[in-house]
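*Asks:* Please read through the structure below; I'll follow up with questions.
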Amino acid sequence: MAENENTENTMIEMIKVSRIYEPNITALSDISLSVGTGEMFFLIGRSGAGKTTLLKLICNMEVPSKGLIEVAGYDINQLKGNDLAHLRQKIGVAYQDFKLLGDRTVAENIAIAMEVSYKKPRAIKQRVKDLLEQLQLVEKHNTITNELSRGEQQRIALARAVANSPRLILVDEPTGNLDASTTEQVMELLNRSRLAGATIVIATHDSSLYRQSKHRVLELRNGTIHSLTEGDQP
Amino acid sequence: MNFWLAVFRQVGRNLHQTWTSQLMTFLTVSLSVLIFAFFYLIYTNMLGAGDRLSDDLRLIVYLEEDPGPEMQQQLRQKINNFDDVEKILFVSRAEAYERFATQLGENSDVLTDMPKDFLPPSIEVVPLQSLRGYNKIKLFSEYLKSLPGAEKVQYGQEWVERFYYFTRLLTIVVILSGTLLILTATFMVAYTIRLTIMGRRDELELLKLVGATNSYIRAPFLIEGILQGLTGSIIGLSALYALFRWISLHFEGPGPLNLFQFTFLPFSEVLIIVSGSIALCSLGSYSSIRKFLKF
Ligand SMILES: Nc1ncnc2c1ncn2[C@@H]1O[C@H](COP(=O)(O)OP(=O)(O)OP(=O)(O)O)[C@@H](O)[C@H]1O
Ligand SMILES: [Mg+2]
């Protein structure tokens with residue numbers, strides 16, 4: 001994917017973005033924000049502050065009521081058809097509500113993200129196996145996802161998000177149902193993706209994820225930016 | 001390569017999940033193909049028989065007297081005034097007698113006691129191929145009747161009339177059953193695919209979110225449509241062929257039906273029916289999936 005010169009170091013650029021739900025719920029107003037390539041970026045705020053809405057805008061699941069959003073140099077709301085599809089293949093999203101296919105096995109659910117970019121079946125199999133090993137879910141390989149616990153489903157959703165080695169990973173509340181040691185595994189997986197070059201945006205309530213890190217943290221309050229801490233990461 | 005692998009896996013899943021409605025569609029498509037092709041087969045055979053009949057079609061004008069050469073010239077002129085014809089042949093009393101004798105062959109001795117002029121002279125008129133429509137022949141025969149010295153005009157009126165109406169009726173039936181085929185094939189396939197889409201809404205939604213291209217989402221459904229069209233028409237036509245074989249076996253041999261010399265549809269027309277059915281079914285599936293991919 002080709003990129004413009006000046007956006008080489010910027011993965012996400014938002015300029016004065018608002019999202020108003022009918023009739024008059026302002027989920028986000030006037031958000032301007034820039035996330036660098038390879039950065040790990042935290043999004044925090046109370047329930048209803050607009051975190052999920054922000055992530056949905058970035059992956060074009062929702063369209064902004066106002067403002068401009070660029071991802072990897074592309075105005076994401078101008079993209080259509082195959083261009084949009086190809087960009088989405090490069091964005092992995094772990095949704096807050098998981099969006100797993102309940103009647104399919106764990107392996108099939110993870111594989112979907114790779115199948116759409118026509119990866120070789122052998123490569124897919126290997127990648128699924130690796131991910132399940134990292135998340136200690138190997139024995140669930142052939143389980144129907146409806147039969148998993150919430151915490152397990154959450155990790156499968158994450159595995160699907162990172163499976164296709166996307167350049168941008170959006171994670172919505174990745175550890176809500178997890179104990180401390182499993183949380184650590186999840187963060188390890190995300191860190192590994194970041195070291196491989198991915199940009200990662202994490203929306204979370206869990207202060208333990210970012211408190212001791214050197215990453216930037218954006219706090220939303222009622223749909224506006226309340227604070228943005230400077231990290232010492234690029 | 002991997003594209004098609006993934007697509008065919010999806011087709012398999014769809015067939016597995018909605019096989020009852022798939023079966024219904026398949027049966028409907030085969031039945032409509034069978035009905036349409038059945039009438040079409042009868043229609044083409046009728047046309048064939050009609051051609052064979054009209055190859056022999058000639059109007060015979062019986063005359064009171066043998067016309068002299070001058071009179072022949074005049075008659076020829078008058079007939080050609082009405083319309084160009086393929087052939088005009090004057091048959092004198094003597095020639096008529098000769099012909100009859102040859103037709104009788106060995107039995108011609110029955111004629112020995114007859115006077116050589118007991119048969120009337122006549123004109124045989126063979127109309128142009130393009131002028132053999134029923135109404136034209138009727139008008140033509142009325143005109144010929146008004147020629148000087150004409151007594152009677154014969155061309156197998158009743159036969160031609162009945163045949164003509166029957167062919168008209170068949171044309172209508174073929175058009176109706178063709179429409180039936182088009183409607184059922186397109187709508188049934190569109191309906192089944194819509195059903196499949198409803199059943200897989202979540203999945204198709206997710207596929208879009210993870211970046212599946214439209215062709216990747218569309219291909220399995222198109223293949224389903226093509227499969228429905230292909231299998232449906234092949235089974236429908238095979239059933240018709242079996243029926244055709246059965247009829248030929250049971251009604252073979254001499255008899256009035258021999259005029260029809262039953263033949264099956266030529267291969268080219270079979271191909272047209274199969275590809276037409278495939279086209280209709282893909283159209284049905286395409287229209288359904290298009291609606292879904294719109295938003
Ligand atoms: N589809 C929608 N229609 C109407 N209002 C919506 C819709 N989605 C979100 N909202 C509203 O927008 C606001 C922000 O919601 P959002 O889901 O972004 O919050 P959040 O920060 O993710 O909360 P949580 O931490 O509970 O996930 C909320 O007031 C919510 O009610
Ligand atoms: Mg949320």
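*Asks:* Just to be sure I understand the filter: pairs with C-beta atoms under 7 Å, separated by 6 or more residues or on different chains, first member in the range B:206-233 and without any contact (Cβ under 8 Å) to a residue 40 or more places away in the chain, second member part of a helix (DSSP H, G or I) and surrounded by fewer than 19 Cβ atoms within 10 Å (Cβ to Cβ). Which pairs pass?
*Replies:* Close Cβ pairs (under 7 Å, with a partner that is part of a helix (DSSP H, G or I) and surrounded by fewer than 19 Cβ atoms within 10 Å (Cβ to Cβ)) amount to B:Gly211/A:His86; B:Thr213/A:Asn82.
Results for (1) touching a strand residue (DSSP E or B) at 6+ places or on another chain (Cβ under 8 Å); (2) acidic (Asp, Glu); (3) within 14 Å of chain B (Cβ to nearest Cβ), shown as yes or no for each residue.
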site: A:Phe42; (1), (2), (3): yes, no, no
site: A:Gly67; (1), (2), (3): yes, no, no
site: A:Asn77; (1), (2), (3): yes, no, no
site: A:Gly81; (1), (2), (3): no, no, yes
site: A:Leu87; (1), (2), (3): yes, no, yes
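*Asks:* Just give me the residues in the range A:206-227 being within 16 Å of ligand 1 (Cβ to nearest atom) and either touching an Asp or Glu at 6+ places or on another chain (Cβ under 6 Å) or at pLDDT 90 or above (or both), in sequence order.
*Replies:* Answer for the range A:206-227, where residues must be within 16 Å of ligand 1 (Cβ to nearest atom) and either touching an Asp or Glu at 6+ places or on another chain (Cβ under 6 Å) or at pLDDT 90 or above (or both): A:Val217, A:Leu218, A:Glu219, A:Leu220, A:Arg221, A:Asn222, A:Gly223, A:Thr224, A:Ile225, A:His226, A:Ser227.
*Asks:* Can you report the number of residues in the range B:217-240 which are polar (S, T, N, Q), more than 22 Å from the chain's Cα centre (by Cα) and buried (at least 19 other Cβ atoms within 10 Å of the Cβ)? Walk me through it before giving the result.
*Replies:* Taking the range B:217-240 first, the residues polar (S, T, N, Q) are B:228, B:231, B:233, B:238.
Of the ones still in play, those that are also more than 22 Å from the chain's Cα centre (by Cα) are B:228, B:231.
Keeping just the survivors that are buried (at least 19 other Cβ atoms within 10 Å of the Cβ) gives B:228.
Residues flagged as polar (S, T, N, Q), more than 22 Å from the chain's Cα centre (by Cα) and buried (at least 19 other Cβ atoms within 10 Å of the Cβ) within the range B:217-240 amount to 1.
*Asks:* Same structure again: If you check A:Lys99 against the conditions, is it among the basic types (Lys, Arg) and within 14 Å of chain B (Cβ to nearest Cβ)? I'd like the intermediate steps shown before the answer.
*Replies:* Working: among the basic types (Lys, Arg): yes; within 14 Å of chain B (Cβ to nearest Cβ): yes.
The answer is yes for A:Lys99.
*Asks:* Would you mind telling me which numbered condition in (1) surrounded by 13 or more Cβ atoms within 10 Å (Cβ to Cβ); (2) outside any helix (DSSP H, G or I) B:Lys87 fails?
*Replies:* (1)
*Asks:* Only one residue in B:Ala219, B:Ala185, B:Ala242 is within 14 Å of chain A (Cβ to nearest Cβ) and assigned to a helix (DSSP H, G or I). Which one? If you could, list the steps in order and put the result at the bottom.
*Replies:* Values: B:Ala185 fails: within 14 Å of chain A (Cβ to nearest Cβ); B:Ala242 fails: within 14 Å of chain A (Cβ to nearest Cβ).
Going through B:Ala219, B:Ala185, B:Ala242 in turn, just one is within 14 Å of chain A (Cβ to nearest Cβ) and assigned to a helix (DSSP H, G or I): B:Ala219.
*Asks:* Could you check the range A:44-65 and list, in sequence order, the residues that are within 14 Å of chain B (Cβ to nearest Cβ) and away from ligand 2 (no atom under 16 Å from the Cβ)?
*Replies:* Selection gives A:Asn60, A:Val63.
*Asks:* Quick one: in the range A:183-225, of everything that is of a type in the set (D, E, K, R) and within 18 Å of A:Gly48 (Cβ to Cβ), which residue is surrounded by the fewest Cβ atoms within 10 Å (Cβ to Cβ)?
*Replies:* Let us first name the residues in the range A:183-225 that are of a type in the set (D, E, K, R), namely A:184, A:188, A:192, A:194, A:206, A:211, A:214, A:216, A:219, A:221.
This time we only want the ones that are within 18 Å of A:Gly48 (Cβ to Cβ), so: A:206, A:219, A:221.
Values: A:Asp206: 17, A:Glu219: 17, A:Arg221: 13.
Only one residue fits best here, namely A:Arg221.
*Asks:* Let me ask you something else. Anything in the range A:175-205 that is outside any strand (DSSP E or B), at pLDDT 90 or above and among the aliphatic types (A, V, I, L, M)? List them, or say none.
*Replies:* A:Val186, A:Met187, A:Leu189, A:Leu190, A:Leu195, A:Ala196, A:Ala198
*Asks:* Also: From the residues in the range B:116-165 that are among the polar types (S, T, N, Q) and outside any helix (DSSP H, G or I), which one is farthest from B:Pro67 (Cα to Cα)?
*Replies:* Step one: of the range B:116-165, the residues among the polar types (S, T, N, Q) are B:122, B:129-130, B:135, B:141, B:146, B:154, B:157.
Cutting the leftovers down to outside any helix (DSSP H, G or I) gives us B:122, B:146, B:154.
Details: B:Ser122: 9, B:Ser146: 16, B:Gln154: 19 Å.
So, considering only residues that are among the polar types (S, T, N, Q) and outside any helix (DSSP H, G or I), the one farthest from B:Pro67 (Cα to Cα) is B:Gln154.
*Asks:* Quick check on the range B:169-187. Is at least one of its residues without any contact (Cβ under 8 Å) to a residue 40 or more places away in the chain, of a type outside the set (Val, Ile, Thr) and closer than 29 Å to B:Asp56 by Cβ? Spell out the reasoning first.
*Replies:* We begin by selecting, within the range B:169-187, every residue without any contact (Cβ under 8 Å) to a residue 40 or more places away in the chain; these are B:169, B:172, B:175-176, B:179, B:183.
Applying the additional criterion that residues be of a type outside the set (Val, Ile, Thr) yields B:169, B:176, B:183.
Then drop every residue that is not closer than 29 Å to B:Asp56 by Cβ, which leaves B:169.
The answer is yes, given that some residue of the range B:169-187 is without any contact (Cβ under 8 Å) to a residue 40 or more places away in the chain, of a type outside the set (Val, Ile, Thr) and closer than 29 Å to B:Asp56 by Cβ.
*Asks:* Condition check: more than 26 Å from the chain's Cα centre (by Cα), surrounded by fewer than 15 Cβ atoms within 10 Å (Cβ to Cβ) and modelled with pLDDT of 85 or more. Does B:Phe8 satisfy that?
*Replies:* Numbers: more than 26 Å from the chain's Cα centre (by Cα): yes; surrounded by fewer than 15 Cβ atoms within 10 Å (Cβ to Cβ): yes; modelled with pLDDT of 85 or more: yes.
So B:Phe8 fits the description; yes.
*Asks:* Please state which of the following conditions B:Tyr40 fails to meet, knowing it meets all the rest: (1) modelled with pLDDT under 85; (2) buried (at least 18 other Cβ atoms within 10 Å of the Cβ).
*Replies:* (1)
*Asks:* I need the full set of residues from the range A:166-180 which are surrounded by fewer than 17 Cβ atoms within 10 Å (Cβ to Cβ) and more than 12 Å from ligand 1 (Cβ to nearest atom), in order please. Let's see the steps before the verdict.
*Replies:* Pass one, the range A:166-180, residues surrounded by fewer than 17 Cβ atoms within 10 Å (Cβ to Cβ): A:176-177, A:179-180.
If the condition is that a residue be surrounded by fewer than 17 Cβ atoms within 10 Å (Cβ to Cβ) and more than 12 Å from ligand 1 (Cβ to nearest atom), then A:Asn177, A:Asp179, A:Ala180 are the ones that fit.
*Asks:* If you don't mind, another one. Which condition breaks for A:Val93 when tested against (1) away from chain B (no Cβ under 13 Å); (2) crowded, with 23+ Cβ neighbours inside 10 Å; (3) over 27 Å from B:Phe8 (Cβ atoms)?
*Replies:* Looking at each condition in turn, A:Val93 falls short on (1).
*Asks:* Just for the range A:109-137: of the residues that are at the interface with chain B (Cβ under 9 Å from one of its Cβ atoms) and outside any helix (DSSP H, G or I), which one is surrounded by the most Cβ atoms within 10 Å (Cβ to Cβ)?
*Replies:* Checked the range A:109-137; the qualifying residue surrounded by the most Cβ atoms within 10 Å (Cβ to Cβ) is A:Val116.
*Asks:* When the residues of the range A:143-202 are narrowed to those that are small (Gly, Ala, Ser) and within 16 Å of ligand 2 (Cβ to nearest atom), which ends up nearest to the chain's Cα centre (by Cα)? Write out each step before concluding.
*Replies:* Taking the range A:143-202 and keeping what is small (Gly, Ala, Ser), we get A:149, A:151, A:157, A:159, A:161, A:163, A:165, A:176, A:180-181, A:193, A:196-198.
Restricting the remaining residues to those that are within 16 Å of ligand 2 (Cβ to nearest atom) gives A:157, A:161, A:176.
On the way: A:Ala157: 10, A:Ala161: 7, A:Gly176: 15 Å.
The extreme case among them is A:Ala161.
The values are calculated or read from the model by the stated rules, or taken from the named source; none is laboratory data. Every value quoted in this text rests on a predicted model; they were computed, and no experiment measured them. For neighbour counting, all protein chains shown are included, and Cβ atoms are generated from backbone atoms with ideal geometry for every residue, glycine included.
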